[in-house]
Amino acid sequence: MQGVTIVDHPLVRHKLSRMRDRTTSTKTFRALMRETATLLCYEVTRSLPTHAVEIETPVAATTTEEIAGKKLVFAPILRAGLGMAEGMLDLVPSARVAHVGLFRDPQTLEAVEYYYKTPEDISDRLVIIVDPMLATGHTAVAAVDLLKRSGVGDLRFVCLVASVQGVETLRAAHPDVPIWTAAVDAELNDHGYIVPGLGDAGDRTFGTR
Ligand code: URA
């Protein structure tokens with residue numbers, strides 16, 4: 001699949017299996033979400049540009065590297081994306097956060113916006129959208145639409161589980177937005193849930209059902 005990176009590190013595969021298991025507790029699920037997001041963050045930031053800096057170690061002057069450009073932005077899609085954003089911030093604590101409030105209308109499965117707050121200079125930054133489940137793709141497309149309307153030109157999308165349909169929908173609408181995911185599942189059910197998936201990521205993270 002063009003534009004899609006499947007992060008198949010054994011730790012990611014193991015943690016995702018535990019998250020898929022319906023008997024995994026809320027506490028464990030939330031911890032696994034955070035840990036897996038940290039591992040995905042490592043992969044999605046792999047190609048960040050660096051520039052040379054002169055420093056002095058306790059022993060000698062030397063040239064080393066730092067990440068170039070403005071601090072990046074994590075954009076969790078509320079609410080399930082919040083659990084993933086925590087894990088990404090563990091790795092990049094100076095990142096900014098844009099909150100994208102979108103819910104899926106249960107009848108139409110279309111995305112409905114209810115909250116949107118970003119750093120003022122977001123158009124100058126790389127924005128990494130995070131949402132555990134890329135299911136129909138409607139919410140992801142709506143999130144990218146909103147961020148592009150804010151002037152963002154450099155976007156990446158990270159999820160835990162994608163469906164084939166979700167990947168196709170997002171890539172068709174926004175071919176310039178690459179996707180990182182731990183797995184791509186084949187199907188969606190009539191309620192728009194990924195099969196086998198892991199259930200409702202928001203409910204399982206926050207213990208609301
Ligand atoms: N949202 C979820 O939380 N799970 C799915 O399977 C699909 C959308």
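The values are calculated or read from the model by the stated rules, or taken from the named source; none is laboratory data. Bear in mind that the values here come from a model prediction, so they are computed numbers and not experimental data. As a convention, Cβ positions derive from the backbone with ideal geometry for all residues, glycine included, and neighbour counts pool all protein chains shown. In case anyone asks, the SASA skips ligands and DNA or RNA and just uses the protein heavy atoms, side chains included. Shrake-Rupley method; radii C 1.70, N 1.55, O 1.52, S 1.80 Å.
Kindly indicate whether Asp185 is open to solvent by less than 20 Å² (accessible area, probe 1.4 Å) and among the acidic types (Asp, Glu).
yes
State all residues of region 33-79 that are of a type in the set (Val, Ile, Thr), part of a strand (DSSP E or B) and closer than 28 Å to Glu113 by Cβ; if no residue qualifies, say none.
Val73, Ile77
Is there any pair with a first residue in region 22-42 that is surrounded by fewer than 19 Cβ atoms within 10 Å (Cβ to Cβ) and a second that is in a loop (DSSP other than H, G, I, E, B) whose Cβ atoms are under 6 Å apart and which are 6 or more apart or on different chains, and what are they?
From region 22-42, the pairs are Thr26/Gly207.
State all residues of region 130-150 that are under 14 Å from Arg171 (Cα atoms), open to solvent by less than 40 Å² (accessible area, probe 1.4 Å) and within 16 Å of the ligand (Cβ to nearest atom); if no residue qualifies, say none.
Leu134, Ala135, Thr136, Gly137, Thr139, Ala140, Val141, Ala142, Ala143, listed by residue number.
Quick one: in region 188-201, which of the residues that are closer than 13 Å to Pro106 by Cβ and open to solvent by less than 60 Å² (accessible area, probe 1.4 Å) is farthest from the ligand (Cβ to nearest atom)?
That would be Gly192.
Would you point out the residue of region 152-182, among those that are of a type in the set (D, E, K, R) and open to solvent by 40 Å² or more (accessible area, probe 1.4 Å), that is nearest to the ligand (Cβ to nearest atom)?
Glu168
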